[in-house]
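The values are calculated or read from the model by the stated rules, or taken from the named source; none is laboratory data. The structure presented is a predicted model; accordingly, all values stated were derived computationally and were not measured. Glycine gets a Cβ as well: all are built from the backbone with ideal geometry, and neighbour counts include every protein chain shown.
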């Protein structure tokens, strides 16, 4: 099993670079460790930011689940540094590389200003996806994460 962190391990890498890394690993089983953003930043720790972390992880998991097989996820306790984890299998390294690049890419050319902060397309798309109606919980690959993002614990 090949394990890597998102967005850290592939931040700002292009699809071709990621594809070559995946092919070189010669694996079909993967574990993605999706890091929390806000939790231990004392200035940012709030129920709202717990919800944002869960929303971003939900969307990352959703996008991964759409291009892989045997997808599972792990929801860590909201008040720990433990990251989210996604495990899956795939033989389509090209599609996986494209998805990883999309989740981790933050090139300034693709960033926009929102309330004075730079947000990339992945974050903007995650916000739009989270705000859109979903037919049923079966349409959401990481329903547990989605539920917490919509109803974060009060801190």
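Just a few scattered comments:
- Qualifying residue in segment 79-89 (condition: part of a helix (DSSP H, G or I) and at pLDDT below 85): no
- Segment 127-150 - residue that is more than 25 Å from residue 70 (Cα to Cα) and touching a residue at least 40 places away in the same chain (Cβ under 8 Å) and, of those, surrounded by the fewest Cβ atoms within 10 Å (Cβ to Cβ): 150
- Residue pairs whose Cβ atoms lie under 9 Å apart, sitting 6 or more positions apart in sequence or on different chains, and linking a residue in segment 54-69 that is on the phi > 0 side of the Ramachandran plot and touching a residue at least 40 places away in the same chain (Cβ under 8 Å) to a partner that is surrounded by 22 or more Cβ atoms within 10 Å (Cβ to Cβ) and not in a helix (DSSP H, G or I), do not occur here.
- Segment 23-35, residues that are farther than 25 Å from residue 76 by Cβ and touching a helix residue (DSSP H, G or I) at 6+ places or on another chain (Cβ under 6 Å): 23
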